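Report on the structure given below.
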Amino acid sequence: GFPREAGARHASLFKVDGDETAFTCRMEISGCYPANLGLLSYYRTLTYDGHVLKVHDEWKASDPLKPTMTLLHEMPEPSFNCALPKTTDPFPINDAWLQSNWGDMLYRTIITAPEATESTVTLIFPL
């Protein structure tokens with residue numbers, strides 16, 4: 001995608017319902033990705049019920065894509081549910097500013113979806 005600042009400018013839809021105890025946030029984020037990917041739509045919905053955070057992505061593209069989602073976290077064994085293949089590896093932090101916040105090591109989980117012109121992915125994080 002684009003750098004974080006540029007991606008934020010490209011978001012064309014952002015809607016939040018609820019408060020800090022329970023909420024739903026829905027965004028249309030296809031504009032955050034390069035046009036040559038051919039994304040027709042990409043919706044991300046975050047839902048928090050006070051106990052579980054659910055991240056639900058659904059996208060459509062003009063040509064088949066094989067999407068990959070990368071998560072950085074502090075747990076060697078991530079605690080989330082996902083039906084897609086995933087791998088988790090150590091991810092050393094070499095940047096001094098990041099080390100001041102995260103320490104020397106995070107873990108990177110890579111989730112790979114099958115090639116398709118449309119798909120949905122749901123991650124469920126018990127908190």
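The values are calculated or read from the model by the stated rules, or taken from the named source; none is laboratory data. All values reported here derive from a predicted model rather than from experimental measurement. Note that each Cβ is placed from the backbone with ideal geometry, even for glycine, and that neighbours are counted across all protein chains shown. Heavy atoms of the whole protein, side chains included, go into the accessibility calculation; ligands, DNA and RNA do not. Shrake-Rupley method; radii C 1.70, N 1.55, O 1.52, S 1.80 Å.
Pairing residues of segment 63-83 that are in contact (Cβ under 8 Å) with a residue 40 or more places away in the chain with residues that are open to solvent by 90 Å² or more (accessible area, probe 1.4 Å), at Cβ distances under 8 Å and at least 6 apart in sequence or on separate chains, gives Pro64/Glu115; Leu65/Glu115; Lys66/Glu115. Entry remark, segment 1-29: residues being modelled with pLDDT of 90 or more, under 26 Å from Lys66 (Cβ atoms) and of a type in the set (Gly, Ala, Ser) number 0 in total.
Across segment 92-127, the number of residues qualifying as in a helix (DSSP H, G or I) and open to solvent by less than 70 Å² (accessible area, probe 1.4 Å) comes to 2. Considering (1) modelled with pLDDT under 95; (2) surrounded by fewer than 16 Cβ atoms within 10 Å (Cβ to Cβ), the lone condition that Val55 does not fulfil carries the number (2). Summed over segment 87-127, the residues that are modelled with pLDDT under 90 and of a type in the set (Lys, Arg) give a count of 0. From the list Leu40, Leu71, Leu84, the one residue that fits, being at pLDDT below 95, under 18 Å from Thr120 (Cα atoms) and either open to solvent by 70 Å² or more (accessible area, probe 1.4 Å) or assigned to a strand (DSSP E or B) (or both), is Leu71.
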